[in-house]
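K.L.:
Just passing along the structure, written as structure tokens.
The values are calculated or read from the model by the stated rules, or taken from the named source; none is laboratory data. The shown structure was predicted, so the numbers you read here are calculated from the model rather than taken from an experiment. When we count neighbours, we look across all protein chains shown, and the Cβ atoms used for this are built from the backbone with ideal geometry, even at glycine. Remember, those area values only see protein heavy atoms, side chains included, never the ligands or the DNA or RNA. Shrake-Rupley method; radii C 1.70, N 1.55, O 1.52, S 1.80 Å.
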Amino acid sequence: MEKHQIHFGNQPIDFWIERKDVKNVNLNIKPDMSIQISANEKVPLSFIYDFVKSKGSWILKNVKQFEDVLPHKQSEREYVSGESFKYLGKQYRLRVEQSAEEAVKYFRGFIYLQTQNPANFSKKEKLMDAWYKEKAFKIFGESLSKMSALMNKYGVEKPELEIRVMKARWGSAQIDNKTILINTELIKAPKYCIDYVILHELIHFKYNNHSESFYNMLFTLMPDWEKRKKILDEEIVREL
């Protein structure tokens, strides 16, 4: 990918261009707030620049929202009762309880964090991270089984699943290792968005590109995939 810059009014906009076998010029704001453009090799650079300028107002608006919201949420995260945590697309209140048991539980609309020392920030953080990871393995695994069933008739076998926190993408298909890697943070998105990401990566085992054939299969198996992707890009990212 190559880095480029245009000016929208007095505001510089940095973006990365990735040349792919795609039909349209696509713009994405990634979870790390970087701006990525994918376009066919035949699309002139001048056309891409004009395209980004035409989206300038929308880009600056969304990047500003991310900059305002993300650091604020991270700085005030204290893992205390009353804080809001996202899980499967919904916000839930945290209840911290002193207990001999060290655990996190989801029950009747609340997330209960049980710990011996409620004042120990590091311990509470580790407990929440472990809970999210546990839920991610379970939910992602269920989604993988469901989406793999759609791909069986196309000769795509169910790959292995790995999860980790990633800054710039929701998932990655590791073809040679027969593995899909999914961003742990995706557990904060609705299940139908999780299904979209996993199906997207599974299709790469059939078409390891973003060609017209890739998108034709995606449209066939998930006609509303664009709506799901939009929710990820415009709603879920700002909650991370």
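K.L.:
Pairs only if they're at least six apart or on different chains, beta carbon under 6 angstrom, first in region 87-99 and part of a strand (DSSP E or B), second charged (D, E, K, R) and surrounded by 13 or more Cβ atoms within 10 Å (Cβ to Cβ); list them, first residue then second.
P.N.:
Leu94/Glu83
K.L.:
Pick from Glu125, Glu160: which is open to solvent by 90 Å² or more (accessible area, probe 1.4 Å) and on the phi < 0 side of the Ramachandran plot? Walk me through how you get there before you give the answer.
P.N.:
On the way: Glu125 fails: open to solvent by 90 Å² or more (accessible area, probe 1.4 Å).
Among Glu125, Glu160, only Glu160 is open to solvent by 90 Å² or more (accessible area, probe 1.4 Å) and on the phi < 0 side of the Ramachandran plot.
K.L.:
Okay, moving on. Taking region 106-142 only, how many residues are within 23 Å of Ile182 (Cα to Cα) and not acidic (Asp, Glu)? Reasoning before the result, please.
P.N.:
Here is the first cut: in region 106-142, the residues within 23 Å of Ile182 (Cα to Cα) are 106, 125-142.
From what's left, not acidic (Asp, Glu): 106, 126-128, 130-133, 135-141.
Summing the residues that are within 23 Å of Ile182 (Cα to Cα) and not acidic (Asp, Glu) in region 106-142 gives 15.
K.L.:
Starting from region 167-192, keep only residues that are open to solvent by less than 20 Å² (accessible area, probe 1.4 Å), then list their pairs with residues that are small (Gly, Ala, Ser) and assigned to a loop (DSSP other than H, G, I, E, B) whose Cβ atoms are within a distance under 6 Å, requiring at least 6 positions of separation or different chains.
P.N.:
Ala189/Gly89; Pro190/Gly89
K.L.:
Let me ask something else. Output the number of residues of region 29-45 satisfying the condition of being modelled with pLDDT of 85 or more, outside any loop (DSSP other than H, G, I, E, B) and surrounded by 14 or more Cβ atoms within 10 Å (Cβ to Cβ). Can you show your working first?
P.N.:
Taking region 29-45 as the starting set, the residues that turn out to be modelled with pLDDT of 85 or more are 35-45.
If we keep only those that are outside any loop (DSSP other than H, G, I, E, B) too, we end up with 35-39, 45.
Now restrict to residues that are surrounded by 14 or more Cβ atoms within 10 Å (Cβ to Cβ): 35-39.
Final tally of qualifying residues: 5.
K.L.:
Also: Of everything in region 1-17, what is of a type outside the set (Gly, Ala, Ser) and surrounded by fewer than 14 Cβ atoms within 10 Å (Cβ to Cβ)? Give them in sequence order. Steps first, answer last, please.
P.N.:
Keep residues of region 1-17 that are of a type outside the set (Gly, Ala, Ser), which gives 1-8, 10-17.
Once the filter is applied, which keeps residues that are of a type outside the set (Gly, Ala, Ser) and surrounded by fewer than 14 Cβ atoms within 10 Å (Cβ to Cβ), region 1-17 yields Met1, Glu2, Lys3, Gln5, His7, Asn10, Gln11, Pro12, Asp14.
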